Amino acid sequence: MDINNEKRYFEQDFSAKLKDKTLLIISPIYPNQDETFIKGPFVKNQVDELKKYFKKIIIIAPVLHSLKIFKNDKLCRDYSYDNVEVYYPRCYYIPIEWFNKFLIDTRFKAVENCIKEKQLSFDLIHAHFTWPSGYISVKLKDKYNKKVIITIHEDNGWFDREVEMDYYPINDTWSKADALIRVNKKDVPILKEYNDHVYFVPNGFSPIFHPIDTNLAREKLNIPQEAQILFTLGDLIKRKGFNYLIDAMDLICKKNDNVFCFIGGEGLEKRILQKQIDKLHLSDKIKLIGFVPMDRLNYWMNACDLFILPSLKESFGVVQIEALACMKPVIASWNGGSEEIIISDEYGFLAKTADSNDLADKILSGLEKKWDKESILEYAKQFTRSTVVQQNLEIYKSVLNS
């Protein structure tokens, strides 16, 4: 048997072995059945590819018991689809930074009770985010003698705080995991101080994102055909930097009256952002369009001329690769994640962080530039869901065979 055939046989043999295994995923967020709660779509996107390789996938996503005040507590109920089971056990917790590392958190107990009550069995654990999922998974490793992989999605600010806290449960989580995955390259050396088995694996985009005719997309959304359209998407929170985009639009509209900006998402800053828009008299130019269902998102990506990501901090920024998959250039800030995606002016421009003037300049330049759309699409192919999941499978193989 030659080397290539031997490698192919080994890969097929490993895939066959996974077909008999159950993967347990611990995540603090996961979309509900009808996607009225859509936090953590990047986790579900990965699951929808991984499910082809496993006998079963179990997701446990603890939800804070809030008397249904919070959206996830109100909307998230256990469900299943295909060979995937999703559980949302209720729990109580207070963020550790609020009480100087004094831990009030019942999420591990909630997960443990869920496993016992549902009589769940599993062969491998993949946690998303360090806290609390990675912490919970390492405790499950000790109890059930199962291997653990942790994907660290934390944005740069959050990740830096975890390092600076020098908090034993976090340090212990990173050191005891069988493998750590970071979604950007720059933090890999830091994590190697805690664990020798650290890998860079980016997020991937769902197949729902693909190019369609811009005019058709605009017709579906009932937005102007001849206008120059900016689109952005994210939680309406300070970290996403939408206030800088609104100020940038004030500068842009003074030079180009044909530009319109649509901001998708919900969040605590919505009223503040709307007041900012109204104060600048831009309510006819900037629209807060609220929650965007997944079945409409591809239309929005294809309807725009530029996708904008003005975030102050990101670990990766999956919305950027979703836009690139639709042949749309990206204007992003230097936020820790975007500079590893927008690596060339062929795919977009990077603006100074929290700088509306520079952001406006980059957007105006982007609207004037003739982009090579085929080059953008070709570049995006490295981030397809199937390509990224193959990298995860290689890590699973390494961990299970170690």
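The values are calculated or read from the model by the stated rules, or taken from the named source; none is laboratory data. Computed from a predicted model, the values in this text were never measured in an experiment. Reconstructed Cβ throughout: ideal geometry from the backbone, glycine too, with neighbour counts over all protein chains shown.
Please find, within the range 218-245, the residue that is surrounded by the fewest Cβ atoms within 10 Å (Cβ to Cβ) out of those that are closer than 17 Å to E314 by Cβ and among the β-branched types (V, I, T).
Among them, the one singled out is I237.
Between N203, N184, N215, which is polar (S, T, N, Q) and surrounded by fewer than 18 Cβ atoms within 10 Å (Cβ to Cβ)?
Just one listed residue meets the conditions, N215.
Can you tell me which residue in the range 376-401 is surrounded by the most Cβ atoms within 10 Å (Cβ to Cβ), limited to those that are in contact with a Ser or Thr (Cβ under 9 Å, 6 or more places away or on another chain) and free of Cβ contacts under 8 Å to residues at least 60 places away in the same chain?
By that ranking, first place goes to Y379.
Please pick out the residue among L297, L273, L288, L312 that is under 26 Å from E35 (Cβ atoms), within 18 Å of the chain's Cα centre (by Cα) and not β-branched (V, I, T).
None of the other options fit; the residue is L297.
Scan the range 249-284 for residues that are assigned to a helix (DSSP H, G or I), β-branched (V, I, T) and in contact (Cβ under 8 Å) with a residue 60 or more places away in the chain and jot them down.
The one that is assigned to a helix (DSSP H, G or I), β-branched (V, I, T) and in contact (Cβ under 8 Å) with a residue 60 or more places away in the chain: I252.
Those residues that are over 26 Å from the mean Cα position of the chain (by Cα), touching a residue at least 24 places away in the same chain (Cβ under 8 Å) and farther than 26 Å from A354 by Cα, I need them from the range 221-248; list them, please.
Listed by number, the residues that qualify are I223, P224, E226, A227.
Just checking, how many residues over the range 41-70 are of a type outside the set (V, I, T) and not in a helix (DSSP H, G or I)?
Result for the range 41-70: 14.
Only one of these conditions is not met by F10: (1) among the aromatic types (F, W, Y); (2) modelled with pLDDT under 90; (3) under 24 Å from G134 (Cα atoms). Which number is it?
Here F10 clears every test but (3).
Output the number of residues of the range 348-402 satisfying the condition of being closer than 19 Å to L245 by Cβ and among the aromatic types (F, W, Y).
Number of matching residues: 1.
Condition test on E339, is it of a type in the set (D, E, K, R), within 18 Å of the chain's Cα centre (by Cα) and either more than 14 Å from L377 (Cα to Cα) or modelled with pLDDT under 95 (or both)?
yes
Restricting to the range 243-264, give me the number of residues that are closer than 20 Å to F291 by Cα and either among the polar types (S, T, N, Q) or at pLDDT below 95 (or both).
1
Say we look at the range 106-148 and pick out the residues that are charged (D, E, K, R) and touching a helix residue (DSSP H, G or I) at 6+ places or on another chain (Cβ under 6 Å); which of these is surrounded by the most Cβ atoms within 10 Å (Cβ to Cβ)?
Only one residue fits best here, namely R107.
Does P211 count as part of a loop (DSSP other than H, G, I, E, B) and touching a strand residue (DSSP E or B) at 6+ places or on another chain (Cβ under 9 Å)?
Here the answer is no, as P211 does not meet what is asked.
Taking helices (runs of 4 or more DSSP H) that fall entirely within the range 311-402, which contain at least 3 residues that are farther than 23 Å from N215 by Cβ?
Once the helices (runs of 4 or more DSSP H) in the range 311-402 are filtered for at least 3 residues that are farther than 23 Å from N215 by Cβ, what remains is 318-325, 356-368, 385-401.
Looking for something hydroxyl-bearing (S, T, Y), at pLDDT 95 or above and either over 30 Å from K287 (Cα atoms) or surrounded by 18 or more Cβ atoms within 10 Å (Cβ to Cβ) (or both) - is there at least one such residue anywhere in the range 157-171?
no
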